[in-house]
């Protein structure tokens, strides 16, 4: 991290006093990954550390019924940071919270608790799970249709008088002030599309970073009079936004995915992990790509993965293994390319880890890599190679995930049930809409 903040209760309380922090925002997520927050004054924080902060869980999506609504939020001191976009004269800090029930039991509906449970399973198997996401997003002049882009640039383009360069740089500066290490940022393929990449970290820390970065990117956009969105596919005919996730397991501080004697430099652990992801890819797609709009991105021809395959460098595959660099064994990793940046990162990281760990536990065999462009194969060629498709719509994903024991076990009954119910409601609302496409296509001829 580039900016060091206190990590214990005592250090946080001292830092707040020494730096005249006045407000502390307490953050947590609902089942869909929407960020929730309430604010306390700094002098209430010591009591909050000891007793927690009570709130009405029945008002938070996917939490509890009204007859069992009391929830308690305990601030996590290791997540303490200052919010640089708040007014400077009144300093505001934030911490993520762990949600517990009144009896002290960690609440099953808290997405952070879901991820913690999966990370504990990995820990019991001897592993630490590290992730490094690539966060793609769009800038528009406003959120109101018709959407106006800020530029017509493409991948890595440096555009004269490009206002988005300053937006990205301002965002990176804010993130680094908050202790978040950014590796690089750049223009992406589509007009007005951009990407910020983070240095890998343990999965819980990284899920907090994703939640923080999404807000920071939007805050900087608002401060500059434009709008940022993580909607996966806002522009027809252009690439959508993904969140490619680089993953590795470490054991005894060494990368468990690395094997110097393998032709791919991949250990048997890494191969089983990849095989687990491939086997369960269809089942976890609802979690990594959770919106109706997510499936407008997952179509052939726009770099988003559609077919379930893996390769060393091929970007048409679902899983890519970045090239090994001699002397950089700690960087050995796999890149899962399906997730989009609008997912709930806690749940997405949990189900990806669950699939990989099952591959290790059950020693799933890894099929051969597919180095050809899968998009250019015929359907018959893909069938002969055993290459299957990811779900093509939200309802298809729902129907597959609803039958998945792996996802149910990873999320727990509470989150699993609430998530599925919410997605069914979303699909039902969507399918009843009469769209502009239908009016333009059918009204003149029917």
Note to self: So, restricting to strands (runs of 3 or more DSSP E) that lie completely within segment 9-64, which ones have at least 2 residues that are in contact with a helix residue (DSSP H, G or I) (Cβ under 9 Å, 6 or more places away or on another chain) and farther than 30 Å from residue 348 by Cβ?
What the structure shows: 21-29
Notebook entry, point to check: Name the residues in segment 358-382 that are part of a loop (DSSP other than H, G, I, E, B), touching a residue at least 60 places away in the same chain (Cβ under 8 Å) and out of contact with any strand residue (DSSP E or B) (no Cβ under 6 Å at 6 or more places or on another chain), would you?
Noted result: 362, 363, 364, 365, 366, 367
Next item on the list: Name every residue in segment 383-427 that is assigned to a helix (DSSP H, G or I), at pLDDT below 95 and under 19 Å from residue 282 (Cβ atoms), in order of residue number.
Entry: 383, 385
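Residue-wise test of (1) more than 21 Å from residue 347 (Cα to Cα); (2) within 21 Å of the chain's Cα centre (by Cα); (3) touching a residue at least 12 places away in the same chain (Cβ under 8 Å); (4) assigned to a helix (DSSP H, G or I).
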| site | (1), (2), (3), (4) |
| --- | --- |
| 242 | no, yes, yes, no |
| 246 | no, yes, yes, no |
| 262 | yes, no, no, no |
| 273 | no, yes, yes, yes |
| 291 | no, yes, yes, no |
| 296 | yes, yes, yes, yes |
Next item on the list: Can you tell me which residue within segment 153-190, out of those that are outside any loop (DSSP other than H, G, I, E, B), over 22 Å from the mean Cα position of the chain (by Cα) and loosely packed, with under 15 Cβ neighbours inside 10 Å, is modelled with the lowest pLDDT?
Entry: 163
Note to self: For segment 359-382, give me each residue that is modelled with pLDDT of 90 or more and crowded, with 22+ Cβ neighbours inside 10 Å.
What the structure shows: 359
Item checked: Residue that is surrounded by the most Cβ atoms within 10 Å (Cβ to Cβ), among those in segment 383-399 that are out of contact with any strand residue (DSSP E or B) (no Cβ under 8 Å at 6 or more places or on another chain) and closer than 29 Å to residue 267 by Cα -> 385
Check: What number of residues in segment 230-264 are surrounded by fewer than 21 Cβ atoms within 10 Å (Cβ to Cβ) and within 15 Å of residue 319 (Cβ to Cβ)?
Finding: 2
Margin query: Can you pull out every residue in segment 326-355 that is in contact with a strand residue (DSSP E or B) (Cβ under 7 Å, 6 or more places away or on another chain), part of a helix (DSSP H, G or I) and buried (at least 21 other Cβ atoms within 10 Å of the Cβ)?
Written below: 346, 349, 352, 353
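The values are calculated or read from the model by the stated rules, or taken from the named source; none is laboratory data. Keep in mind the model is a prediction, meaning the values are calculated, not measured. In this analysis, Cβ positions are derived from the backbone assuming ideal geometry, glycine residues included, and neighbour counts consider all displayed protein chains.
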